[in-house]
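Just below is one structure, and these are the notes that go with it.
The values are calculated or read from the model by the stated rules, or taken from the named source; none is laboratory data. Please read these numbers as outputs of a predicted model, since none were measured by experiment. Cβ sites come from the backbone with ideal geometry, for glycine too, and all protein chains shown count toward neighbours. Each accessible area value is taken on the protein alone, full model and side chains, heavy atoms only, with ligands, DNA and RNA left out. Shrake-Rupley method; radii C 1.70, N 1.55, O 1.52, S 1.80 Å.
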Amino acid sequence: MPTPLPFIAVTMGDGAGIGPEVVVAALLDDAVLTRCRPVVIGDAQRLREAARILGLDCEIAAVDHPRDAEFTPGRVNVVDLGLLPADLPWGELSPVAGGAAYAYIERAAALAVAGEVHAICTAPLNKEALHAAGHIYPGHTELLAHLTGTEEVSMMLSTEKVKVIHVTTHIGLIDAVNRIEPGLVERTVRRGHQAMVRAGTPNPVIGVCGINPHAGENGLFGYGEEEEKIVPALEVLRAEGVDARGPLPADTAFFLAGRGDYDLIVAMYHDQGHGPVKVLGIEAGVNLTVGLPVIRTSVDHGTAFDIAGTGTAEAGSMVEALRQATEMATVPVTPAA
């Protein structure tokens, strides 16, 4: 008996951005229904408007619960929260859209904690709109950690050429260096290792970046941060059989990963990891949160207010985010014939 395909909660993101467009386009991709059972958490009317803008003939079907959804070609199922006004402008900052985006995530998190969906895939939200609605979080990662009662999670970015997990993310550089310590480095590498194993790489080779230029170059740069904050964690991990190598100069680590020497790079702070990933593959990049009750994947682009409502947004990153959510879902997956 084939294992049922996983339910994926797909949050619509900020309704004034390109989220509704990329969600509709991705869920009508022929390959998606062979991999998973995606259900949008969002607003049905906004999705219908997105389909009209895209020139797509499809059914946007409102359901009360993921288990009520029917999965047939040309149908997009949505748990319709009905929070957006019909005249919401495209491409403009809106506290109403920010509040709705929060509500979509809140519902998806509740479904995940209850075990009723097996992964979450998120369209982009706008942080300024989120804050304007009174929800003060740096982004999806911290918001989902709060909603699921998870103390510590990690952000991972994934492209065809390179994957990177971050020890710190949405804090200033000085604060990031102060926060880095052996325990945090060790836990981050473990989460990355587990995610790679789950995604089908049984013995991942992990490259761990240093903090300073040239990873300190034996004390020439910095104040011994690599020896104090990173090396002790790597010694513990290697003793347990985790193939974690470093500390590595960040400027060469990503080049080596791009040619296949490393399966995963561990970045110490936000821009150290984000910059190279966006150069090496933003078109199909995926943002993952690891450490939650279920995996969360997302597109690696923003709300793109400048093109929202024009029908020109590319859905490739959302299709890839759904694929990776399926690969790492909390239930085994048997693709449809």
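If you average 1/r across every pair of different Cα atoms in the chain and take the reciprocal, what Kirkwood value do you get, in Å?
Values: mean 1/r = 0.0491 Å⁻¹.
Hydrodynamic radius (Kirkwood, Cα only) of the chain equals 20.4 Å.
Taking all Cα pairs closer than 8 Å and separated by 6 or more residues, the relative contact order of the stretch 160-280 comes to 42 percent. Taking trypsin sites (Lys or Arg not before Pro) across the stretch 202-304, the ones in a DSSP loop with at most 14 further Cβ atoms lying within 10 angstrom of their Cβ are Arg259. A dipole drawn for the stretch 160-280 from +1 and -1 charges on Cβ atoms has a positive end, and of Val162, Asn218, Val185 the residue lying farthest that way is Val162. Site-free segments of the chain were taken between GluC sites (Glu not before Pro) in DSSP loops having at most 15 other Cβ atoms within 10 Å, sites themselves excluded; the longest one is 241-337. Would you work out which of Val113, Leu33, Thr297 lies farthest towards the positive end of the dipole of the chain, given +1 charges on the beta-carbon of Lys and Arg and -1 on that of Asp and Glu, about the Cα centre? Ranked along the dipole, the leading option is Leu33.
Entry note, the chain: the mean residue ellipticity at 222 nm calculated from DSSP H runs of n ≥ 4, each adding -39500 (n - 2.57), is -10500 deg cm²/dmol after division by the residues and rounding to the nearest 500. In angstrom, the C-alpha Rg and Dmax of the stretch 183-297 are 14.0, 43.
Of the accessible area of the chain, with the probe set at 1.4 angstrom, what percent is carbon plus sulfur?
Values: 7260 of 14190 Å².
Whole-percent figure for carbon plus sulfur exposure: 51.
How large is the accessible surface per residue of the chain, computed with a 1.4 Å probe and reported in Å² as a whole number?
On the way: 14190 Å² over 337 residues.
Per residue, the chain has 42 Å² of solvent-accessible surface.
Straight-line reach from Lys161: taking Cα to Cα under 20 Å and skipping same-chain neighbours fewer than 8 places apart, the aspartates and glutamates in range are Asp243, Asp251, Asp261, Asp263, Asp271, Glu283, Asp300, Glu314, Glu320, Glu327.
Counting other Cβ atoms within 10 Å, keep those with at most 12, restrict to DSSP loop, and tell me which chymotrypsin sites (Phe, Trp or Tyr not before Pro) in the stretch 209-256 are left. Each step should come with its number before you reach the end.
Details: sites: Phe221, Tyr223, Phe254, Phe255; in loops: Phe221, Tyr223.
Taking the stretch 209-256 and a limit of 12 other Cβ atoms within 10 Å, the loop chymotrypsin sites (Phe, Trp or Tyr not before Pro) found are Tyr223.
One Cα centroid belongs to the stretch 1-68, the other to the stretch 82-138; the line between them spans 15 Å. In straight-distance terms, cross-link reach from Lys163 covers every one of the lysines whose alpha-carbon lies under 24 Å from its own, apart from those fewer than eight places away in the same chain; here that gives Lys229, Lys278.
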